[in-house]
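Written below as structure tokens is the structure these notes are about.
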Amino acid sequence: MEIAEETTYKTGAQHLLIINDSTIIKYWYQDCLDENPELLLFYPGKWRLIKQMFPYLAFKTSAMRIVQLTDLHLPPIGIKTELGIDTRRNFLDMLPRAVALQPDLIVLSGDLCYDTADTPTYTWVRAQMDALGLRYTVIAGNHDDSSLLGTAFGLLVQQKEVYFTQQVDHHTILFLDSAVATISDGQLAWLEEQLSTLKGPVLLFMHHPPFPVGMPFMDDTWPFHRSEDLMAVLARHATPVYVFCGHYHTERVAYVGNVCVHITPSLYFQLDSESAQPAVEHTRIALRTIDFEGRGLATAVKYFEGNHHNT
């Protein structure tokens, strides 16, 4: 999107900036003598473009961008994956793409390890992420060990679970631990307490989708086992709960009540979502962008070609 023209309509202290896709961005001068406008966005994500093109404006916005990467499945160094896919190269290739999107936070949402959790893999991932100089966090998947992961990344481990909140641009984001395909009573009580303090839409990350989404093989073979209890807690929140997860190796959106689930594709391979048997659909890899500004959310999945080991 490019700015077609800067057209200003003035009514009192109000100004309208019109951009070429008919999106209207409003801003008001805080004071008639103050030339620093406050930007109020009605379309998530556009503020970055406007900020770049009009750097003299002083921005006050609650918009944030998250990049999600999931299901890395990194084998120990020197070990090849069963499908001959170079998942370490996939991960390394994806990092500069994530950085280019200028995220406020990068989330690695589980299955960092290939099959069995190991500390050297976590140490290697942390070194790559630390080198980016950007804020990031991680959660555990079913091929991870929450205690090992928490220790490696400096996260609090509570009764072998790692769950927490993070504040990003005045937004509270919730992170759950479903590494063993369920959550404890303690984690569930903690979630309910956190939700009781939040007003407005909620962003929540976990590895598993919280309920079956109509993908036969994964729903039947690798489900989350405490769906009813978790959904009862989420349903009591008065506003939308946006859940971002992985695990299913596909791209899918599913709604139940106020809960909207976005499943993000893997950095390994993608499964055929219609098959009752494990069937690889393709080996393109993906990341997800999430633009959130408190009242609205925009999310997109971007695909790239994956890497195979040279034979």
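Just so you know, all these numbers are worked out from the coordinates, no wet-lab data involved. Keep in mind that what you see is a predicted model, and the values were worked out from it rather than measured. Note that each Cβ is placed from the backbone with ideal geometry, even for glycine, and that neighbours are counted across all protein chains shown.
Some values worked out for this structure:
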quantity: Simple spin-label estimate for Tyr255 and Arg89 in nanometres, 7 Å along Cα-Cβ; calculated: 4.2
quantity: Whole-angstrom gap from the stretch 258-282 to the stretch 73-137, using each part's C-alpha centre; calculated: 19
quantity: Potential extension, Gln158-His282 segment - 0.36 nm per residue separation minus Cα distance; calculated: 40.9 nm
quantity: Distance in nm between pseudo-label sites at Gln167 and Ala189 (7 Å out along the Cβ direction from Cα); calculated: 2.6
quantity: For the stretch 187-311, diffusion coefficient by Stokes-Einstein and Kirkwood Rh (Cα), 4 °C, 1.567 mPa s, µm²/s; calculated: 82
quantity: Two-decimal log10 I(q)/I(0) for the stretch 56-155, as the Debye equation yields it once each C-alpha is a single scatterer, q = 0.10, 0.15, 0.17, 0.24 Å⁻¹; calculated: -0.29, -0.60, -0.75, -1.36
quantity: Förster radius 41 Å - calculated FRET efficiency between Thr119 and Glu228 (Cβ-Cβ, nearest 0.05); calculated: 0.75
quantity: Inter-probe distance in nm under a simple model that places probes 7 Å from Cα toward Cβ, at Val99 and His308; calculated: 2.9
quantity: The stretch 64-304 - charge dipole about Cα centre, Lys and Arg +1 at Cβ, Asp and Glu -1, debye rounded to 20; calculated: 680
quantity: Normalised convex hull volume, the stretch 64-304, alpha-carbon set, Å³ per residue; calculated: 113
quantity: Under the Karplus curve 6.51 cos²θ - 1.76 cosθ + 1.60, θ = phi - 60°, whole-Hz ³J(HN,Hα) for the stretch 97-110, x wherever Gly or Pro sits; calculated: 5, 5, 4, 4, 7, 6, x, 7, 7, 10, 10, 9, 9, x
quantity: Cα gyration tensor, the stretch 141-225 - rounded (a/c under 1.5), prolate or oblate; calculated: oblate
